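What follows is calculated from the coordinates using simple rules that are stated; it is not laboratory data. Everything numeric in this text was worked out from a predicted model, so none of it was measured. Here Cβ is always computed from backbone atoms with ideal geometry, including for glycine, and neighbour counts include all displayed protein chains.
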Amino acid sequence: MARVTNLLNRVQRVSGRILNDSRWRNFYLQRYVSVPALRRFVSGRIAKDLPQPASGARDPAAAARVDEIKRNGVTVYRDGAAPQAVTELREWLQTQLCVDPDRPGDPGFLWNDGAGKGCVHAYYPIETLMRAPHLLELANTPQVLGIVQRVFGCTPTISEINCWWLNHDLDVDLAKVRHGYYVERQKSYHRDIDDWSVLRYFVYLTDVDQAHGPHSYIPGTHNRYMRQHRNMDFDENPNGLYETRIDITGPAGTAILMDPFGLHRATVPTAGDRLMLAVTYSLGCATVHAPKNPLLVSAGLGIDPFVNRLYVGAPS
Ligand SMILES: O=C(O)CCC(=O)C(=O)O
């Protein structure tokens with residue numbers, strides 16, 4: 001009975017979204033095309049009608065990154081973000097309230113005050129992030145935008161910005177109520193299917209070693225068709241792929257550009273908390289995770305108005 005009720009609720013939620021919002025129609029449409037080659041074909045056609053970046057000089061280092069993304073779905077920047085920017089951003093965020101999505105209605109808390117044993121992760125509201133020092137600068141890192149536009153074949157759109165803590169000091173019995181797959185099924189990976197083409201830029205804002213929840217990615221799986229659609233649990237499917245994973249460690253400032261269609265997950269931190277910024281670039285077709293209206297006005301920010309238009313509007 002509970003399963004039927006859940007299914008009916010889901011049908012109601014999805015149909016409400018589809019009927020009322022074209023962003024959700026686009027989101028669900030692309031989501032059910034699961035063959036990577038077909039997705040690339042559609043994406044290439046859409047990209048032709050989007051603004052084209054100015055063709056710059058060919059840079060061999062950038063070309064190598066583009067090849068790596070196309071081949072592996074992931075590339076790591078060992079010196080991704082300037083240490084001072086990372087420190088200033090982290091220290092400023094520590095003065096702001098973050099929110100545990102499992103405690104709806106809670107006004108939020110300062111991370112250093114303690115998250116509580118049931119907290120798996122806590123996010124900074126987007127309104128806070130838009131005021132954060134260096135955030136737009138990091139989201140608009142020219143080298144990264146250059147790679148993204150070469151992979152997409154058009155100027156990208158920033159369609160999601162998140163920044164969250166992963167808590168290491170949790171009680172597994174409390175955490176597993178909502179996050180069993182994360183805390184108990186540690187070989188469970190997922191892919192995100194949020195637009196025809198998507199790349200996500202992660203910047204570690206704390207030092208991350210193997211015990212601080214490194215991001216884990218399975219290279220090559222962005223080009224792989226999966227019958228399971230979104231999730232793969234390697235305990236149930238021991239197919240050798242898990243052994244090819246890379247757990248990405250590095251000091252604060254280490255950055256990762258990844259295709260979230262490839263299988264990935266956050267590993268569970270055991271020795272200390274992890275803070276990470278995530279900026280998602282897409283074709284801008286299915287922007288359901290962005291605010292409906294921009295939160296800032298662009299005057300004087302010196303960033304590309306098209307790339308940033310969902311977050312930063314033109315002055316009126
Ligand atoms: O926190 C991580 O390392 C993974 C995040 C993730 O799963 C995602 O952005 O979809």
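List of remarks:
- Surrounding net charge for LYS70, when Lys and Arg each add one and Asp and Glu each subtract one, Cβ distance under 15 Å: +3
- Measuring nothing but alpha carbons in the chain and taking Rh as the Kirkwood radius, the Rg to Rh ratio lands at 0.94.
- Simple point charges give the picture: +1 on the Cβ of Lys and Arg, -1 on the Cβ of Asp and Glu, and for segment 196-316 a dipole about the Cα centre of about 500 debye.
- Each Lys and Arg Cβ is given +1 and each Asp and Glu Cβ -1; about its Cα centre, segment 94-139 then shows a dipole of about 60 debye.
- Between segment 125-159 and segment 272-296, the alpha-carbon centres lie 9 Å apart.
- Sorted on the mean count of surrounding Cβ atoms within 10 Å across their residues, most packed first, peptides 242-248, 262-268 read 262-268, 242-248.
- The chain - percent relative contact order, Cα under 8 Å, separation 6 or more: 26
- Efficiency of FRET between ARG78 and ASN293 - r from beta-carbon atoms, R0 41 angstrom, step 0.05: 0.65
- Dipole of segment 40-151, positive end: most advanced residue of PRO83, PRO125, VAL151 [Cβ charges, Cα centre]: VAL151
- Cross-link partners for LYS187 among the lysines, with Cα-Cα distance under 20 Å and sequence neighbours closer than 8 places in the same chain left out: LYS176.
- Working from Cα pairs under 8 Å separated by at least six residues, relative contact order for segment 165-316 is 35 percent.
- Charge context of SER22, other residues only, Cβ under 15 angstrom, K/R +1, D/E -1: +3
- Prolate/oblate/rounded label for segment 186-260 (Cα gyration tensor, a/c 1.5): oblate
- When shorter helices are ignored and each DSSP H run of at least 4 residues is given -39500 (n - 2.57), the per-residue value for the chain at 222 nm works out to -9500 deg cm²/dmol.
- Length-normalised contact order for segment 138-237 - Cα pairs under 8 Å, 6+ apart - percent: 32
- Prolate/oblate/rounded label for segment 132-185 (Cα gyration tensor, a/c 1.5): prolate
- Of SER22, PHE109, PRO291, farthest towards positive along the dipole that unit charges on Lys, Arg, Asp, Glu beta carbons give the chain: SER22
- For the chain, the Cβ-based charge dipole about the Cα centre amounts to some 1480 debye (Lys, Arg positive; Asp, Glu negative; other atoms uncharged).
- Segment 103-109 - phi-based ³J(HN,Hα) in whole Hz, Karplus 6.51/-1.76/1.60, Gly and Pro as x: 10, x, x, 6, x, x, 8
- Net charge of Cβ neighbours under 12 Å - reference LEU263; Lys, Arg +1; Asp, Glu -1: +3
- Each residue in TYR281, TYR124 was given a count of other beta-carbon atoms within 10 angstrom of its own, and listing them fewest first yields TYR124, TYR281.
- Cα shape, segment 96-249, gyration tensor, a/c 1.5 rule: oblate
- Between the residues GLY253, THR280, LEU263, the greatest Cα displacement towards the positive end of the dipole of segment 193-314, with unit charges on the Cβ of Lys, Arg, Asp and Glu, is found for THR280.
- Inverting the pair-averaged 1/r between distinct Cα atoms of segment 1-141 gives 20.2 Å as its Kirkwood hydrodynamic radius.
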